Amino acid sequence: MTLSKQHAVQRRVPGAVRWVALLGMALLCWGLGPATASAQQRVGFVNPQRLIDESNIGRTAQQDLAKLGKEKDRQIRESAKAINELKSRLADATLSDSEQRTLESKLQILYEQHDRLIQKSNEDIQFEEARLIQFIMKRADTSLREIANENGFAMVLTDPKIIGYIDDSADLTDLVIQDLNQRY
């Protein structure tokens with residue numbers, strides 16, 4: 001499993017506070033306006049994960065992220081290979097005590113560098129995932145606003161975890177994907 005796949009789940013986990021606020025805003029929109037205004041103003045939904053998975057721009061971004069993940073994996077494999085080579089040298093029974101201690105010290109340094117490389121790789125991939133998601137959502141914002149205005153939606157939610165039920169008529173995801181594919 002590549003590092004990018006390992007972190008795919010993490011990009012789907014938004015902050016709970018943001019979504020509670022969105023839910024509160026949705027409830028306010030439904031409950032505060034006059035009956036005629038609330039009937040005309042609807043709340044829609046867009047699934048950001050589907051935008052990423054199904055739009056052309058999202059697929060391109062995922063391919064770029066996969067390339068980064070493969071490069072990070074290659075670097076980690078090279079680091080592990082250097083560790084294994086040094087461990088093989090340490091197995092040589094003809095080493096003097098000072099050579100043995102020197103190689104053990106180098107091995108410890110390689111282990112520490114390897115651990116830092118893994119940590120840095122994970123951080124780099126997480127950063128790039130967040131950046132690509134932000135890039136896609138910024139591009140989708142124009143489409144989303146136009147579609148929402150055309151269809152009478154006063155608010156559009158983007159977190160599937162705060163929604164218990166969504167009528168198909170409120171799910172704008174397919175329309176936004178189509179518009180994104182036409183634009184980009």
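The values are calculated or read from the model by the stated rules, or taken from the named source; none is laboratory data. What you see is a predicted model, and the numbers here were worked out from it, not measured in a lab. Heads up, the Cβs are rebuilt from the backbone with ideal geometry, glycines too, and the neighbour counts pull from every protein chain shown.
The table that follows gives values for the structure above.
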{"item": "Selection within the range 61-90 - among the acidic types (D, E) and either at pLDDT 95 or above or over 21 Å from the mean Cα position of the chain (by Cα) (or both)", "result": "E71, D73, E78, E85"}
{"item": "Any hit, the range 43-56, residues being out of contact with any Ser or Thr (no Cβ under 8 Å at 6 or more places or on another chain) and modelled with pLDDT under 90", "result": "no"}
{"item": "Among (1) at pLDDT below 95; (2) aliphatic (A, V, I, L, M); (3) part of a helix (DSSP H, G or I) - the single one A8 does not satisfy", "result": "(3)"}
{"item": "Subset of the range 46-60 [free of Cβ contacts under 8 Å to residues at least 40 places away in the same chain and more than 12 Å from the chain's Cα centre (by Cα)]", "result": "R59, T60"}
{"item": "Unmet criterion (only one of (1) of a type in the set (G, A, S); (2) modelled with pLDDT under 90; (3) part of a helix (DSSP H, G or I)) for A93", "result": "(3)"}
{"item": "Which listed residue is in contact (Cβ under 8 Å) with a residue 40 or more places away in the chain, assigned to a helix (DSSP H, G or I) and surrounded by 13 or more Cβ atoms within 10 Å (Cβ to Cβ), from E129, E146", "result": "E129"}
{"item": "Matching option when the condition is in a helix (DSSP H, G or I) and either under 28 Å from I52 (Cα atoms) or of a type in the set (A, V, I, L, M, F, W, C) (or both), among S121, S98", "result": "S121"}
{"item": "S105 on the phi < 0 side of the Ramachandran plot and surrounded by fewer than 13 Cβ atoms within 10 Å (Cβ to Cβ)", "result": "yes"}
{"item": "Residue list for the range 45-83, restricted to those being part of a helix (DSSP H, G or I) and among the hydrophobic types (A, V, I, L, M, F, W, C)", "result": "L51, I52, I57, A61, L65, A66, L68, I76, A80, A82, I83"}
{"item": "Qualifying residue in the range 151-162 (condition: free of Cβ contacts under 8 Å to residues at least 12 places away in the same chain and either within 27 Å of K67 (Cβ to Cβ) or surrounded by fewer than 16 Cβ atoms within 10 Å (Cβ to Cβ) (or both))", "result": "no"}
{"item": "Residues satisfying the stated conditions in the range 163-184, i.e. free of Cβ contacts under 8 Å to residues at least 60 places away in the same chain and among the hydroxyl-bearing types (S, T, Y)", "result": "Y165, S169"}
